[in-house]
Amino acid sequence: MRLTSSEPFWLVKNGIINSYPSLDQDLNTDIVIIGAGITGSLIAHQCIADGYQTVIIDKREVCHGSTSATTSMLQYEIDKPLYKLIKMIGEKGAVLSYKACFDSIDQLHSLSKAIKSSCGFTKKQSLYFASRKKDVAWLKKEFEARKTHGFPVEWLDAATIKTTYHLENSYGGILSDQGGSIDAFQMAHDLLHYNQKKGLQIYDKTDVERIVYRSNGVIIQTEYDNTITAKKVIFCNGFESTDIIPEKIVNLLSTYAIVGEQNREDQSLIANTLFWNTSDPYNYLRTTDDHRLLIGGEDEDFVNAEKRDALLKIKSSKLEKLVHKILPKHHFRVDFGWAGTFGETKDGLPYIGRHPNFKNAYFVLGFGGNGITFSTIGMAMVSAMLKGKRHQLAHYFKFGR
């Protein structure tokens, strides 16, 4: 299944960063990771740090799946508002999940510096604003829930938002003092390159034909009839894991994004903030490190890649009109537009852990708008699981919850 269409901005911007071979030999290893995007690269980094012999494979070129299509906004806010998540899973689990996402942004920042990544990590604030007057009441309820549980938030009225950001058509919003932006495609490549020098074996364009799950490990047969024998397998292949998981755990959605041409005008009013609104589905925007404006949204149920891609022109036009509506003084002309597919869970949380149908296998599936921060949380969770320990979020992110 194709994950992206047209020209994802990050692919064009970065080009071919590093190339890796397809697998042409049999291997024996501790850990094999399936999926070499941002999730797989983060989990591989943790496995190498923990001293495991690790192999990572991907059926595409590395990072050419969802990682190439992400808008790379780093937010601790989960797709389900905190006050709603508390009602769904209880106060303890909801607050733990939000705080873990909050901390993961700083962890990513530290990691990007540690490996000297050129991903352009930028710490930012985040403004969640009401795009409809009727949304103000519940958004204020969300503000109070976050404030009660110690999150650094401030309520901004519509006039303040307009004065501060020149943002129109807002009815007030929550300003969070935690967020960030990143080039996830570059970060994933940098992680893989860094860990290859530490022993990580990387193979792309290598599809898996069959996996045999045994009591003492797994045997993976590739399309080229090579085998990888491993003690554990970790699936980091996003919604494509739904091809093997028997129950329905996620709804698939098509999403769209556009990036404007480089802007020589002063963007300082919006450059240090992520913006997203209460529309359903919500829209979001941010600046890039090369002075462009990126906006995404217009989600709808995924049917197939052809139907998704056929809507790209219409969706791009709607997103462009939204830019002019909320930032009328901003000079914007579309440079790139693309579509992607992602998964959305009922509670907005990922699936990280074991599945009863698969021996010696773990899944790190960061569904929803927080895929990158969920994957960062997954590093600590997988590390604990491989050591036979239980992570405090394991219950809330498990299959069958």
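Read-outs: derived from the displayed coordinates by stated rules, not from any lab. Source: prediction; values computed, not measured. So basically every Cβ, Gly included, is an ideal-geometry build from the backbone, and we count neighbours across all protein chains shown.
Between T227 and H149, what length comes free when the chain is fully extended (0.36 nm per residue of separation minus the Cα-Cα distance, one decimal in nm)?
In short, 23.1 nm is gained.
Okay, which of the range 326-362 sit inside 18 Å, backbone N to the point 7 Å along the Cα-Cβ direction of R401?
Within reach of a label on R401, which here means backbone N under 18 Å from a point 7 Å along Cα→Cβ, the range 326-362 contributes 343-357, 362.
Just from the alpha-carbon atoms, what are the Rg and Dmax of the range 50-154 in angstroms?
Answer for the range 50-154, Rg first and Dmax second: 17.6, 55 Å.
Based on a Kirkwood Rh over C-alpha pairs, give the Stokes-Einstein translational diffusion coefficient of the range 147-200 at 4 °C and viscosity 1.567 mPa s in µm²/s.
Value of D from the Cα-based Kirkwood radius: 89 µm²/s.
Give me the number: length gained by fully extending Q125 to E209, i.e. 0.36 nm times residue separation minus the C-alpha to C-alpha distance, one decimal in nm.
25.8 nm
Can you give me the Cα centroid spacing of the range 14-53 and the range 168-238 in angstrom?
Using only Cα atoms to place each centre, the spacing works out to 7 Å.
Once all Cα-Cα distances of the range 319-401 are split into 5 Å bins that start at 0, what whole-number percent is in each one?
Computed distribution, short to long bins: 3, 13, 19, 17, 11, 9, 7, 7, 7, 6, 2, 0.
Neighbour counts of other C-beta atoms within 10 Å: give me M385, M379 arranged from fewest to most.
M385, M379
So how do 330-336, 126-132 stack up, highest first, on mean other-Cβ count within 10 Å?
Highest mean packing first, the order is 126-132, 330-336.
If you wrap a convex hull around the alpha carbons of the range 22-83, what volume per residue comes out, as a whole number of Å³?
Cα convex hull per residue, to the nearest whole number: 117 Å³.
When only Cα pairs under 8 Å and 6 or more residues apart are kept, what is the percent relative contact order across the range 281-322?
Here the relative contact order equals 32 percent.
If you take the beta carbon distance between L252 and T163 as r and set R0 to 51 Å, what does 1/(1 + (r/R0)^6) give as a FRET efficiency, to the nearest 0.05?
0.80
Tell me the label-point distance for the pair N360, K387, using the 7 Å Cα-to-Cβ offset, in nm and rounded to one decimal.
Result for the modelled spin labels: 2.3 nm.
If each residue's Cβ is checked for other Cβ atoms within 10 Å, how do W155, W276 rank with the fewest at the top?
The fewest-first ordering by Cβ neighbours comes to W155, W276.
Determine the gain in length on full extension of the stretch I16-A49; use 0.36 nm per residue of separation and subtract their C-alpha separation, reporting nm with one decimal.
Gain on extension, I16 to A49, equals 9.2 nm.
At a Förster radius of 25 Å, what calculated FRET efficiency corresponds to the Cβ-Cβ distance of R264 and K318, to the nearest 0.05?
It comes out at approximately 0.45.
The chain: D in µm²/s via Stokes-Einstein (Kirkwood Rh, Cα pairs, 10 °C, 1.306 mPa s)?
Here the translational diffusion coefficient equals 74 µm²/s.
How high is the relative contact order of the chain, in percent, with contacts defined as C-alpha pairs under 8 Å that are six or more residues apart?
The normalised contact order for the chain reaches 25 percent.
Using only the Cα atoms of the range 1-110, build the gyration tensor, take square roots of its eigenvalues as a ≥ b ≥ c, and label the shape rounded, prolate or oblate: rounded if a/c is under 1.5, else prolate if a/b is larger than b/c, else oblate.
It is oblate, given that a/c is not under 1.5 and a/b is not larger than b/c.
Among N251, L319, F151, which residue has its Cα positioned farthest towards the positive end of the charge dipole of the chain, with +1 placed on the Cβ of Lys and Arg, -1 on the Cβ of Asp and Glu, and the dipole taken about the Cα centre?
F151
Between rounded, prolate and oblate, where does the range 295-349 land on the alpha carbon gyration tensor, with a ≥ b ≥ c its root eigenvalues, rounded for a/c under 1.5, else prolate if a/b exceeds b/c?
Taking the square roots of the gyration eigenvalues as a ≥ b ≥ c, the range 295-349 is oblate.
Would you mind telling me the antiparallel percentage of the DSSP bridges in the chain, rounded to 5?
70
Where both residues lie in the range 111-201, what percent of DSSP beta bridges are antiparallel, nearest 5?
Looking only at bridges with both residues in the range 111-201, the antiparallel portion is about 100 percent.
For a protection proxy built on the mean count of beta-carbon atoms within 10 angstrom, sort 162-168, 118-124 highest first, please.
Highest mean packing first, the order is 118-124, 162-168.
Before anything else, pin down the relative contact order of the range 22-179: Cα pairs under 8 Å, at least 6 apart, normalised by residue count, whole percent.
19
With only alpha-carbon atoms in the gyration tensor, what are the semi-axes of the equivalent ellipsoid for the range 221-292, in Å, largest first?
Result for the range 221-292: semi-axes of 40, 19, 11 Å.
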